[in-house]
């Protein structure tokens with residue numbers, strides 16, 4: 001049976017027969033990419049912390065999807081008017097997902113906000129707003145450009161991401177106004193944009209098959225970008241390798 005890949009969802013308000021209604025949503029680009037890579041996508045809605053372990057036991061791999069900002073109180077900072085989409089329930093759920101996935105060495109692909117959640121969950125912090133602090137406005141490009149590589153990223157050639165995509169020199173998309181400030185203990189930055197913003201991090205223990213990138217390979221995969229599809233294939237392949245050891 002193909003591996004089951006759980007994908008975290010994003011809270012949104014949608015129109016329904018009852019009027020405006022809260023929903024757990026996900027762009028089809030994520031499920032498309034998992035299917036192309038040979039996995040079976042399953043959408044994950046938030047559950048209470050005590051139930052996260054049971055959920056993790058029922059999936060073979062995890063994708064932490066993009067979305068709104070992580071509550072800055074979780075890394076000792078404060079909100080400002082650049083922040084959006086903060087959701088306590090999602091933060092709590094995904095932070096517990098990360099900690100449980102790490103403990104169980106569950107293969108994980110963390111995308112954009114997902115990378116930020118990994119970093120915060122394990123003790124790191126974030127740049128609250130790149131344009132304000134770094135002075136660059138090149139990291140938030142929306143519209144059809146999300147399907148194109150428009151930002152240069154340099155990878156450490158020894159890192160897992162570089163090995164998976166087959167190069168240390170990438171053109172990626174960029175849809176974020178926050179980024180890693182201090183990496184969590186046990187992590188190192190392995191990818192940077194030309195302005196120095198961290199675009200990929202890596203955990204020091206190779207037993208946890210974690211790929212954490214700041215860009216959005218699910219969009220690029222939809223546009224048949226081989227490097228982006230390779231990240232999803234690596235996740236699916238890691239689930240098979242893990243099955244041999246558990």
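The values are calculated or read from the model by the stated rules, or taken from the named source; none is laboratory data. Note that the structure is a prediction, hence the values are computed from the model and not measured. Reconstructed Cβ throughout: ideal geometry from the backbone, glycine too, with neighbour counts over all protein chains shown.
Among what's in segment 57-92 and is within 14 Å of the chain's Cα centre (by Cα), touching a residue at least 40 places away in the same chain (Cβ under 8 Å) and not in a strand (DSSP E or B), pick the residue that is nearest to residue 34 (Cα to Cα). The residue in question is 65. Candidates 229, 170: the one that is farther than 30 Å from residue 80 by Cα, more than 15 Å from the chain's Cα centre (by Cα) and surrounded by 18 or more Cβ atoms within 10 Å (Cβ to Cβ) is 170. Would you check which residues across segment 141-181 are within 18 Å of residue 65 (Cα to Cα) and out of contact with any helix residue (DSSP H, G or I) (no Cβ under 8 Å at 6 or more places or on another chain) and list them? 141, 142, 174, listed by residue number.
The number of residues in segment 123-150 that are farther than 29 Å from residue 185 by Cβ, part of a loop (DSSP other than H, G, I, E, B) and in contact (Cβ under 8 Å) with a residue 24 or more places away in the chain comes to 6.
Which members of segment 31-54 meet the condition of being surrounded by fewer than 19 Cβ atoms within 10 Å (Cβ to Cβ), on the phi < 0 side of the Ramachandran plot and either modelled with pLDDT under 95 or more than 17 Å from the chain's Cα centre (by Cα) (or both)? 35, 36, 40, 47, 48, 49, 50, 51, 53, 54, listed by residue number.
Looking at 190, 117, just one residue is modelled with pLDDT of 95 or more and assigned to a strand (DSSP E or B), and that residue is 190. As for segment 152-164, it holds no residue that is touching a strand residue (DSSP E or B) at 6+ places or on another chain (Cβ under 9 Å), touching a residue at least 60 places away in the same chain (Cβ under 8 Å) and part of a loop (DSSP other than H, G, I, E, B). Limited to segment 9-30, what total is found for residues that are assigned to a loop (DSSP other than H, G, I, E, B) and surrounded by 14 or more Cβ atoms within 10 Å (Cβ to Cβ)? Adding up the residues that qualify gives 3.
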